[in-house]
Amino acid sequence: MSYFVTGATGFVGRHLVGELLDHREGTIYVLVREGSLPRMEALIARWDTDRVVPVTGDLSAPALGVAKKWVTPHRGEIDHFFHLAAIYDMTADDETNETMNVGGTRNALALAAALKVGCFHQVSSVAAAGEHAGVFDESMFDEGQHLPSPYHRTKFESERIVREEATVPWRVYRPAVVVGASGTGEMDKVDGPYYFFGVIKALRDRLPSWLPMMGVDLGNTNVVPVDYVAAAMDHLAHLPGRDGEAFHLVNPEPQPVVDMVNAFCAAAGAPTFATPISTSLVPRQLRPAALLAALAKAAPTRMALDQTVGRLGIPAEVLGHVSFAPVFDARRTEQALAGSGIAVPDLDSYARTLWSYWEEHLDESTGRDARIRDKLQGTYVVVTGASSGIGKVTALKVAQAGGTPVLVARGKEKLDELKDLIESRGGTAIVQPCDLSDLEAIDALCETLTADLPSVDFIVNNAGRSIRRSLRLSQDRFHDFERTMQLNYFGAVRLVMGLVPAMRANKSGHIVNISSIGVQTNPPRFSAYVASKAALDSWSNVVASELVGDGISFTNIHMPLVRTPMIAPTKLYDKFPAISPAQAADLVIEAMVGRPHEINTALGNAGAIAHTVAPKLAFRILNMAYHVFPDSAAAKGEVTGGAGTRESEQIMLARVFKGVHW
């Protein structure tokens, strides 16, 4: 069986090709513009296959610009022709939509006819339903619906062309708003609900999460993850006897816009919006969503929106289409998918995954901040523990701001992947694998960096080891203390001492130590970890007075609980409030830019004060927590374990003492 796919380098397209590679056999021919060949070759290398074969062409050319000398020998051998190449952008202009969506579909149909393909699969959109009021089922198409934008019009026209002009069998797929993969969060651009993530981040960073916000009934939306769309298309395309049908790849249940926004607010740790009073009894043209759409279309209002919410990353065009007028009936699709195991997951189950990916990969606020770029552009930043978590996101943000992160960790493979990612976005990075628990390896690293780099401007001591184990269970495990101190203290000190001469020669340098809120609050079961971080704090405080005259300074960040791979083994933390790696990385960036002596949380400062003014009371509270939070299964040497019947008490304490490692 052979396939031909347009738009294979696009978001949905590459996921569909992945599905075909995983579940089908045969060659997959992919249309590629000559200028996009390197990108396709990189994808083929990632897929590690010889079954994907590029075919040079162009969406805007007749018959997609595919040479006749290629068409002739392949005529009659293509079983499925998937046409995904199109503009999926509400902000694109009329001419671009017309050329790519309408013209591209005609050109794809011409090539499909020349190849005599078995079935032409048109990837349309629910936008073809326009502003149809009420239920829009899969048998419906031209119902006289109003098409409010170039995007809506060209999606409708493209589907009409397939229905009326195709000379080969066809099927149509109408996805709803496609978001990132439910398992990884992977997304390639800011679109749909992602336009509002910057505002959610601003709310999260400025307001407490418990603050109630007023909600507005903006109607219903419909979002689906890309992995569902790709899997459903693959399955539906291979079902016998379904030619000439359309399939709605949508969430079967309408999703109120405010519920969708709240799912992402909860994932971000931002305040959520109260469920508004329904406006279903209000005339449609007077509902908030309709009024917002009307305002977005008016030229004066549009200019005002561009100067306000536009600066937050929300185009005025998007505000006019925050909800869907139709309710999409997907019973035909659900019946066709029955028994396949393919279904739309609940948004709440993967909202945090989508948010985390956006924060780490798509949020460009660091690069747009003139203050940050001024301090980091052209600098060399040594980041330890750069293969994951805080270190990885810090490296991405440094590169976004024009600096060069020097990626240090044990695993070269992950560092190479991060370097490739940074370079694919136009940045630069340097890979320097090193086992930071090996002092001689650190010495070799320092010699290499001093010799190869024009300067060492910043060191971010992020690599660390955390052990959560009570003293009672540590009696025969003194090596826990030795290993923790070796990496968290001796390794960091050795690295700084090895690079200080280069900083002194440049009369400038700043060291950022990722310390812990535990140094201020002294939580039980973290004696090995907290002691190693406290040692690094004390060492830095002493040598800071010796080096300040050389232009070298330190910042100790007493970091609260961060949701990183380091805390993953402690399942107790899954339900605890914790900041994201991106939030932690923002603190690291601030430490480099502002160079404060310390960065603390309010709770950390309160803990330090409590230990000073009322130490006995502080220790009694900590002892209560010691009994509420048990040793983990890993600490006990057990395979399984859990919070047991005290979970409610644990969660209550964790929320009161937000950010403390219990």
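The values are calculated or read from the model by the stated rules, or taken from the named source; none is laboratory data. On a predicted model such as this, the values are computed, not experimentally measured, just so you know. Glycine gets a Cβ as well: all are built from the backbone with ideal geometry, and neighbour counts include every protein chain shown.
Scan segment 150-170 and give yes if some residue there is aromatic (Phe, Trp, Tyr), part of a helix (DSSP H, G or I), in contact (Cβ under 8 Å) with a residue 24 or more places away in the chain and over 30 Å from residue 363 (Cα atoms), otherwise no.
Yes - at least one qualifying residue is present in segment 150-170.
Working only within segment 403-446, note down all residues that are of a type in the set (Gly, Ala, Ser), surrounded by fewer than 16 Cβ atoms within 10 Å (Cβ to Cβ) and closer than 22 Å to residue 373 by Cα.
Correct list: 424, 426.
Yes/no matrix, rows are residues, columns are (1) at negative phi; (2) surrounded by fewer than 17 Cβ atoms within 10 Å (Cβ to Cβ); (3) in the same structural domain as residue 99 (by TED's automatic domain parsing):
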| position | (1), (2), (3) |
| --- | --- |
| 39 | yes, yes, yes |
| 42 | yes, yes, yes |
| 55 | yes, no, yes |
| 65 | no, no, yes |
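Quick grid of which residues meet (1) in a helix (DSSP H, G or I); (2) free of Cβ contacts under 8 Å to residues at least 12 places away in the same chain; (3) of a type in the set (A, V, I, L, M):
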residue	(1), (2), (3)
14	yes, no, no
19	yes, no, no
22	yes, yes, no
25	no, no, no
29	no, no, no
37	yes, no, yes
50	no, yes, no
53	no, no, yes
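Listed residues 104, 198, 185, 144; which is outside any helix (DSSP H, G or I) and under 33 Å from the mean Cα position of the chain (by Cα)?
It is 185.
Based on this model, can you work out whether residue 227 counts as in the same structural domain as residue 156 (by TED's automatic domain parsing), assigned to a helix (DSSP H, G or I) and of a type in the set (D, E, K, R)?
Answer is yes for this residue.
Conditions (1) closer than 23 Å to residue 580 by Cβ; (2) modelled with pLDDT of 95 or more, marked per residue:
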site: 325; (1), (2): no, no
site: 341; (1), (2): no, yes
site: 346; (1), (2): yes, yes
site: 378; (1), (2): no, yes
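Which numbered condition in (1) surrounded by fewer than 16 Cβ atoms within 10 Å (Cβ to Cβ); (2) in a helix (DSSP H, G or I) is the only one that residue 476 fails?
The number of the failed condition is (2).
Among (1) of a type outside the set (Val, Ile, Thr); (2) modelled with pLDDT of 95 or more; (3) surrounded by fewer than 20 Cβ atoms within 10 Å (Cβ to Cβ); (4) under 21 Å from the mean Cα position of the chain (by Cα), there is one condition residue 584 misses while meeting the rest; what is its number?
Result: residue 584 fails condition (3) only.
Please indicate, with yes or no, whether at least one residue in segment 103-113 is out of contact with any His (no Cβ under 6 Å at 6 or more places or on another chain), of a type in the set (D, E, K, R) and modelled with pLDDT of 95 or more.
Yes, segment 103-113 has at least one match.
Test each condition in (1) surrounded by fewer than 19 Cβ atoms within 10 Å (Cβ to Cβ); (2) farther than 21 Å from residue 229 by Cβ for residue 112 and report the one that comes out false.
(1)
List pairs: first residue in segment 405-434 and in the same structural domain as residue 592 (by TED's automatic domain parsing) and among the small types (Gly, Ala, Ser), second residue buried (at least 20 other Cβ atoms within 10 Å of the Cβ) and in a loop (DSSP other than H, G, I, E, B) anywhere in the structure, Cβ distance under 7 angstrom, at least six positions apart or on different chains.
From residues that are in the same structural domain as residue 592 (by TED's automatic domain parsing) and among the small types (Gly, Ala, Ser), the pairs are 409/385; 409/386; 409/387; 409/463; 411/387.
Taking into account only those residues within segment 489-518 that are buried (at least 24 other Cβ atoms within 10 Å of the Cβ) and not hydrophobic (A, V, I, L, M, F, W, C), which is nearest to residue 439 (Cα to Cα)?
491
Taking into account only those residues within segment 93-102 that are of a type in the set (Val, Ile, Thr) and surrounded by fewer than 18 Cβ atoms within 10 Å (Cβ to Cβ), which is modelled with the lowest pLDDT?
Per the stated criteria, the residue is 96.
Among the residues of segment 493-530, which ones are hydrophobic (A, V, I, L, M, F, W, C), assigned to a helix (DSSP H, G or I) and closer than 20 Å to residue 621 by Cβ?
519, 530
When the residues of segment 9-43 are filtered to those that are at pLDDT 95 or above and among the small types (Gly, Ala, Ser), which remaining residue is farthest from the chain's Cα centre (by Cα)?
Top of the filtered list is 26.
Residues that are touching an Asp or Glu at 6+ places or on another chain (Cβ under 6 Å) and among the charged types (D, E, K, R): does segment 404-418 have at least one?
Taking every residue of segment 404-418 in turn, at least one turns out to be touching an Asp or Glu at 6+ places or on another chain (Cβ under 6 Å) and among the charged types (D, E, K, R).
Under the condition of being charged (D, E, K, R) and surrounded by fewer than 17 Cβ atoms within 10 Å (Cβ to Cβ), which residue from segment 228-244 is nearest to residue 167 (Cα to Cα)?
The qualifying residue nearest to residue 167 (Cα to Cα) is 243.
Only one of these is farther than 22 Å from residue 586 by Cβ, surrounded by 23 or more Cβ atoms within 10 Å (Cβ to Cβ), modelled with pLDDT under 95 and of a type outside the set (S, T, N, Q): 525, 465. Name it.
Answer to the selection: 525.
Which pairs have Cβ atoms under 6 Å, sit 6 or more apart or on different chains, and link a residue in segment 134-148 that is not assigned by TED's automatic domain parsing to the domain that holds residue 163 to one that is modelled with pLDDT under 95 and part of a loop (DSSP other than H, G, I, E, B)?
none
Looking at 215, 219, 198 in this structure, which one is at positive phi and surrounded by 17 or more Cβ atoms within 10 Å (Cβ to Cβ)?
Being at positive phi and surrounded by 17 or more Cβ atoms within 10 Å (Cβ to Cβ) holds for just one of 215, 219, 198, which is 219.
Considering segment 60-92 alone, what residues qualify as being at pLDDT below 95 and within 18 Å of residue 28 (Cα to Cα)?
Within segment 60-92, 85 is the sole residue that qualifies.
Would a scan of segment 535-558 turn up a residue that is buried (at least 21 other Cβ atoms within 10 Å of the Cβ), in contact (Cβ under 8 Å) with a residue 60 or more places away in the chain, part of a helix (DSSP H, G or I) and among the aliphatic types (A, V, I, L, M)?
Looking for residues that are buried (at least 21 other Cβ atoms within 10 Å of the Cβ), in contact (Cβ under 8 Å) with a residue 60 or more places away in the chain, part of a helix (DSSP H, G or I) and among the aliphatic types (A, V, I, L, M), one finds at least one in segment 535-558, hence yes.
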